[in-house]
Amino acid sequence: MKPRLLISVLAIVAVSVTAKADMPRGVDLTAMDKAIAPGDDFYNYANGGWLKRTKIPADQARWGSFNILNQEAQKRTRALLENAQKTSVPGSDGRKAADFYAAFMDEKGIAAHGTKLLKPQLGTIAVIANKADLSRHIGAVLRADVDPLNNTNFQTENLFGIWVAPGFADSEHYAAYLLQGGLGIPSRDYYLGAGAKMKAVRAAYKTYIATALKLAGFADGDRKATAIIDLETQIAKAQESIVDSQDVVKANNVWARADFARKAPGIDWDQFFQRAGLDSVPSFIVWQPSAIAGLSRLVADVSLDTWKSWLAFHRINHFAPELPKAFVDARFAFYGKALSGTPQQQDRWKRAVIATNDALGDAVGRLYAAKYFPPESKVKAQEMVKNIIAAWGRRIDALTWMTPATKAKAKEKLFGLYVGIGYPEKWRDYSDLPVEIEDALGNQAVSDLFEYQYSIDRIAKPVDRREWSMTPQTVNAVNLPLQNALNFPAAILERPFFDPHANDAFNYGAIGSVIGHEISHTFDDQGAAFDVKGRLNNWWTKADFAHFQQSGQALVAQYNQYKPFPDLAVNGQQTLGENIADNAGIAASYDAWRASLGGKPAPMDQGLTGDQQFFLAFGQEWTAKTREAAQRQQILVDVHAPGEFRAREVRNMDSWYSAFDVKPGQKLYLAPDARVHVW
């Protein structure tokens, strides 16, 4: 599967982005269900009206605030690309993005090509004659498409993944991280789970593999599909779990080139690194050493024919979006319908926008930011960031359990953050990326290689701490612990999350909690392991860190109680980092908002007190309806709890109880000593 960044909480002349007439400036009163007591079910109190009247669009697995805003960003991007096709200079980055989009949209041309453009990809697999050839090919298809700090579960379809980022010990230079991969389904749990739903997913995956191979002209697709499933099951058994992969201390394993043959025998590492263009790299940080060793053994132990079938299927699967309709439909039947429960495929223009953003994200983003991010939005967002960071500083000062030495280090890290708002200070250059308006598959292949080369060319070079990991048109936000940096793209700085003309109670409850959330990642169970320079460095006293971990475990226990399905609960440990960020983020944003009032009472608005506006804005931020299959997948593979449970974070806030007169005996009530305050 092509990589997609997940929500980390959750990408010309500037024009006004005033809201539609039917969109409220502040809290959406029509979304509420006031018949529900907020102390019993705050999520449905805030969102019940919307949930009752809303149907998930047929082409979506989930529909909520993030998705609605993302759809608007997609529509804008489509218009920008279609306009660039007519007006931009040939060869410019904007024109390349427009041509990439146009090539993807050319269904007739793609159908006329058939599988002709895929054959060179498959031909390199067909000539593999021995395990040395196999090792070379596995190196040849290595791609930089993983980010374990922002999505520890991401499965690269290649046997290994590589991530180029600041080093754990030397954050001033880029290092190469080697990670586990090899699965076509989102996590190892789908292969190893014994339940009926897991078996059904595996059966559907097997059908898809067989279909894809047959469409590409392979004989005996059913037999090959069985062998591929068996191989991926062995790969799944060799992999480390999501929870283990989240432990960055365990991930800090530096292997010299000579170590690989000894610690992970089975693959010909010399051939692998040479063909991957990594022959001159002296050492790697091996994130999951037991998995790398296990996958290497499989290269030696599994038959060459099975590996060739596996490689062929994953090439077909990777390029299916750029192949004729039969391939596209077969892929969607599994990843859309069977895996996520989505009944209808997205319109082709939406898929073309996604593909173009993946390949030329900054080229599109430059157009997007210029047109859709007005200066007043940036000024207001920067002011909020400044205030929330200051509130964080005051919260650290007020901690009774933290020693002065640890407080000093925490504040050094906090005030050393680089915060990017709207768009990057430096744009990517795509002048060396060729794009052909009549070759969608070729464009994808070339862009894959271009991105890989861009990544590995940075190894050992000085780190640009202000480099962005997201595009302006991305509806998301991110914390980059190895850079001690945050990114807030233009597309999330929009309503319903942010409106520079709305009241502060709303803005701090909505986008303020997102800002606080991302700042909080600086001090979550992963972020707390990094210092102000982004180095993996324990800056805590032993007693302080023990207290911090104890508070985290109280939050784990709280989230473990949430069961969206009778047979499936939220994994509090797996979602701990995001839950800490929600817990501390909303508290810091609340403090910043109250401080911004300068001691004056918060004004009433829409018949709501300031505190009520703040908490309702936070609750409505997480409004969403999700199909069962997609929600089950999220619980199994994602580090974020479903929005319904994230909205319950208010029950740890003392001020929420007074805002809504929540009393003992109500379902969400927690006694004061049971409320979790991590920071």
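The values are calculated or read from the model by the stated rules, or taken from the named source; none is laboratory data. Everything quoted here is computed from the prediction, not taken from an experiment. Virtual Cβ from ideal backbone geometry, glycine too; neighbours counted across all protein chains shown. Note: areas computed on protein heavy atoms with side chains; ligands, DNA, RNA excluded. Shrake-Rupley method; radii C 1.70, N 1.55, O 1.52, S 1.80 Å.
Summary table
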| read-out | value |
| --- | --- |
| Cα-based shape type of the range 441-498, given that a ≥ b ≥ c are square roots of the gyration tensor eigenvalues and the cut on a/c is 1.5 | oblate |
| Paramagnetic label zone (point 7 Å from Cα along Cα-to-C-beta, Ala546; backbone N under 11 Å) in the range 381-417 | none |
| Cα-Cα separations in the range 341-431 greater than 20 Å, expressed as whole percent | 61 |
| Computed Rg/Rh of the range 364-507, alpha carbon atoms with Kirkwood Rh | 1.07 |
| Inverse mean reciprocal Cα-Cα distance (Kirkwood Rh) of the range 562-679, Å | 15.8 |
| Spin-label model distance (nm) - Ala219 vs Glu383, 7 Å beyond Cα toward Cβ | 7.3 |
| Simple Cβ-charge dipole of the chain, Lys/Arg +1 and Asp/Glu -1, about Cα centre, in debye nearest 20 | 700 |
| Cross-link reach list, aspartates and glutamates versus Lys542, counting only Cα pairs under 20 Å and skipping chain neighbours closer than eight places | Asp247, Asp397, Glu412, Asp524, Asp525, Asp531 |
| Calculated FRET efficiency for the pair Asp654/Glu172, C-beta based, R₀ 45 Å, to 0.05 | 0.60 |
| Whether the range 248-317 is rounded, prolate or oblate, judged on the alpha carbon gyration tensor where a/c under 1.5 counts as rounded | prolate |
| Nearest-0.05 FRET efficiency for Lys119 and Lys667, computed from C-beta distance (R0 60 Å) | 0.50 |
| Too-long pairs where the Cα-Cα distance tops 22 Å, listed order kept, from Lys380/Lys407; Lys116/Lys308; Lys378/Lys409; Lys237/Lys563; Lys206/Lys625; Lys563/Lys667 | Lys380/Lys407; Lys378/Lys409; Lys237/Lys563; Lys206/Lys625 |
| DSSP bridge pairs, the chain: antiparallel proportion in percent, nearest 5 | 75 |
| Per-residue [θ]222 nm for the chain (sum of -39500 (n - 2.57) over DSSP H runs n ≥ 4, rounded to 500) | -15500 deg cm²/dmol |
| Unsatisfied cross-links (Cα-Cα over 25 Å) in the set Lys386/Lys426; Lys371/Lys411; Lys413/Lys600; Lys75/Lys325; Lys55/Lys325 | Lys371/Lys411; Lys413/Lys600; Lys55/Lys325 |
| Mean Cβ count within 10 Å, highest first, over the residues of peptides 138-145, 667-674, 479-486 | 479-486, 138-145, 667-674 |
| Highest to lowest packing among 248-254, 291-297, scored as the average C-beta count within 10 Å | 291-297, 248-254 |
| Cβ-placed point charges (K, R +1; D, E -1), dipole of the range 262-313 about Cα centre in debye, nearest 20 | 120 |
| Residue (of Gly266, Phe313, Ser296) at the positive-pole extreme of the range 259-326, dipole from beta-carbon charges | Phe313 |
| Inter-centroid distance (Cα atoms) of the range 110-148 relative to the range 395-461, Å | 28 |
| Percent accessible area from carbon and sulfur atoms, the chain, protein chains only, probe 1.4 Å | 53 |
| Reduced Cα scattering model of the range 177-280, Debye log10 I(q)/I(0), q = 0.14, 0.17, 0.21 Å⁻¹ | -0.76, -0.97, -1.12 |
| Whole-percent pair-distance distribution, where bins are 5 Å wide, for the alpha carbons of the range 559-631 | 3, 12, 15, 20, 16, 12, 10, 8, 3, 1 |
| Most positive-pole-ward Cα, Ile492, Ala112, Trp622, against dipole of the chain from beta carbon charges | Ala112 |
| For the range 37-177, alpha-carbon Rg and Dmax in angstrom | 22.9, 68 |
| Inverse mean reciprocal Cα-Cα distance (Kirkwood Rh) of the range 508-550, Å | 11.5 |
| Diffusion coefficient, µm² s⁻¹, Stokes-Einstein with Kirkwood Rh over alpha-carbon pairs of the range 283-439 at 25 °C and 0.890 mPa s | 112 |
| Pairwise FRET efficiency - Thr30 versus Asp429, Cβ, R0 = 51 Å, nearest 0.05 | 0.65 |
| Radius ratio Rg over Rh of the range 20-81, counting only Cα atoms, Kirkwood formula for Rh | 1.07 |
| Radius, Kirkwood style, for the range 427-560 when every pair of distinct Cα atoms is counted (Å) | 18.4 |
| Per residue, in Å², the accessible surface of the chain once ligands and nucleic acids are set aside, probe 1.4 Å | 38 |
